[in-house]
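Inspection log for the structure reproduced underneath, given as C-alpha cells.
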Amino acid sequence: MRNAFASQLELLAASDDRIVLLSGDIGNRMFDKFKAQFPDRFYNCGIAEQSMISMAAGLAMCGLRPIAYTIAPFITARCLEQIRVDLCYHHQSVILAGVGAGLGYAELGATHHSCEDIAMLRSLPGMTVVCPGDAIEVRAAMTGLLKLDGPSYLRLGKKGEPVIHPAIPDDFAIGKAHVLRQGEDICLLSTGNILPVVCEAADLLQQRGIHARVVSYHTVKPLDDAMLQECFDDFAIVATIEEHSLIGGFGSAVAEWLVDGPMLDSGCARLIRIGTPDAFPHLAGDQSLARAEFGLTAQAIAHRLWSEWMKVSSMCQLRNESHESKEMSLR
C-alpha cells in the first residue's frame, strides 16, 4: 500500500501544484522520485509530529493541499490535540496518511500498533476516515480525498498486501461502499487491509455451503447508510471485520447506526463484530502472528461465522416452527 501511495502521489502532484508532502522522518527513499520532481514541495519535519500537523494546517490556510505522512500511531495518537484544534476546528483540508495501521508494525511492539486510531479520529467533527482494502483502493481514495473540503485520515497498510481489485471500480466514491462479490446467506463488511483475509474467509465459508456477500467499506466516516440498510434487510447475519479494536471502530460505527437508524424489515438480522479485543498483544512477532493471536485469520473468521450461522439458522427455524404451530392452533 505504501508504494501505491508514493506512486499515486507523484501522479497527482504533477497535475496539481498545490500538493505538498510532509513527512515525519520516514519514507525518505520511497519519496526520492517525488523529491527529485518537486524539491520545493517536500518537507521532512523530523520526529516532531505535533509540529508537522500545525505546519500542515498553516500551509492549508495559505491555499495549499498538504498531505502529512508517517507511521499510523505517530500521526494520530501522538498529535491528537493538534488534529482536533488546528485541523478539525478550522476545517482545514489536510490529508493525514498513517502507514502500517492496525498491526502492520506488530514486530516493533505496542508503541507501533494502531488499533485505536479509527475510534479517535472518527469522533472528531468534520473528519473523514478512509481505510482502503488494497493498493487499488489507495489510489482511488487519494484522488477522492483531494476533492474533499476538510480534514481526512487515510489509513494505510504497510507492504505486500494482495491486490483484490483488478482495476479501480468505476463507481468508487468516498462514502460509498463497494460490493466485491455477491452472496445470499451472510454479509461480510470489511474495512482496511484485512480485506484479502475476508475474501479468503468467504472462500472457506463457500466450501461449507455458505455463500457470503463481501463488501469493502473503505469509508468508515461517513458510513454508506443505504448499503447498511440493504444488508440488514437482506441477510440473517451481517459481520463487520477490521484490524482495529472492537471499541470505537468500524463495528462500533455500524452498531451505532443500527441503534439509531431506521426500523429494519428482517426478523433475524444479527450483527457480529470481529476485531481486536480490549487488550495489548504481548507476544512478540510479525503481523501474521498478531492476527492469529487475535483471531483475525481467514480460518478463525470463517469458523466464527460458521458457528454463528448455525446458531441463527436454528433460531430462525425454531421461530418459523413456532409461528406455524400457532397458526395451526388458531385453525
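The values are calculated or read from the model by the stated rules, or taken from the named source; none is laboratory data. Keep in mind that this is a model prediction, so the values were computed, not measured. Cβ sites come from the backbone with ideal geometry, for glycine too, and all protein chains shown count toward neighbours. Remember, those area values only see protein heavy atoms, side chains included, never the ligands or the DNA or RNA. Shrake-Rupley method; radii C 1.70, N 1.55, O 1.52, S 1.80 Å.
The strands (runs of 3 or more DSSP E) found wholly in the range 121-230 and carrying at least 1 residues that are of a type in the set (Gly, Ala, Ser) and modelled with pLDDT of 95 or more occupy 152-155, 186-190, 212-216. The single condition from (1) more than 17 Å from the chain's Cα centre (by Cα); (2) under 26 Å from Ser123 (Cα atoms); (3) touching a residue at least 24 places away in the same chain (Cβ under 8 Å) that Phe235 fails is (2). Only one entry of Ala56, Ala4, Ala68, Ala14 meets the criterion of being surrounded by 15 or more Cβ atoms within 10 Å (Cβ to Cβ), without any contact (Cβ under 8 Å) to a residue 60 or more places away in the chain and in a helix (DSSP H, G or I), and that entry is Ala56. Selection of the range 259-277 for residues being at pLDDT below 90 and open to solvent by less than 80 Å² (accessible area, probe 1.4 Å) yields Gly261, Pro262, Leu264, Ser266, Gly267, Cys268, Ala269.
Quick grid of which residues meet (1) in contact with a helix residue (DSSP H, G or I) (Cβ under 8 Å, 6 or more places away or on another chain); (2) closer than 14 Å to Gly192 by Cα:
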{"residue": "Leu103", "(1), (2)": "yes, yes"}
{"residue": "Gly126", "(1), (2)": "yes, no"}
{"residue": "Gly144", "(1), (2)": "no, no"}
{"residue": "Leu156", "(1), (2)": "yes, yes"}
{"residue": "Glu161", "(1), (2)": "yes, yes"}
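For the range 128-151, a tally of residues being within 16 Å of Ala60 (Cα to Cα) and either of a type in the set (Val, Ile, Thr) or surrounded by fewer than 20 Cβ atoms within 10 Å (Cβ to Cβ) (or both) returns 5.
Tallying residues that are open to solvent by less than 40 Å² (accessible area, probe 1.4 Å) and over 14 Å from Val99 (Cβ atoms) within the range 17-38 yields 4.
Given the structure, is Ile83 open to solvent by less than 70 Å² (accessible area, probe 1.4 Å), outside any helix (DSSP H, G or I) and in contact with a helix residue (DSSP H, G or I) (Cβ under 9 Å, 6 or more places away or on another chain)?
No: the conditions fail for Ile83.
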